[in-house]
Amino acid sequence: MARVYSNENLPRQVVEGLRRRGHDVLTTQETGQANRATPDGEVLTFATSQDRVVVTLNRRHFIGLHEESAGRHAGIVVCTYDPDFEALATRLDLALASLELWAGRLARVTRPA
């Protein structure tokens, strides 16, 4: 299973759903970085230093960071908000399980229409 760093905008219920599915999830709240307006670049740098895939709802900024970094990170998964947290956790689980090596990769997880 994946080592994940969840950005502070990812709902706690989704984090718990990923943990139930066996993922090792560390949150910004657990590292003391929540509610501090930590720049996205620092979030990505921290996750990379911990060899963790960033999971975030902040698509625009993290797609830009992926492009700027030329893939020098441990992985990024950007997703669209879904009020069905269990369904979002399931889609994220499938995406995270789809690759063995996440380094330098970007994945998009979208809510079905």
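The values are calculated or read from the model by the stated rules, or taken from the named source; none is laboratory data. No experiment lies behind these values; they were computed from the predicted model shown. FYI the Cβ positions are ideal-geometry reconstructions off the backbone, even for glycines, and counts take in every protein chain you see. Accessible surface areas use protein heavy atoms only, side chains included; no ligands, DNA or RNA. Shrake-Rupley method; radii C 1.70, N 1.55, O 1.52, S 1.80 Å.
Keeping to region 73-88, report how many residues are acidic (Asp, Glu) and either within 13 Å of the chain's Cα centre (by Cα) or assigned to a helix (DSSP H, G or I) (or both).
1
Answer yes or no as to whether residue 83 is open to solvent by 60 Å² or more (accessible area, probe 1.4 Å) and closer than 15 Å to residue 111 by Cβ.
Considered against the rule, which asks whether it is open to solvent by 60 Å² or more (accessible area, probe 1.4 Å) and closer than 15 Å to residue 111 by Cβ, residue 83 comes out as yes.
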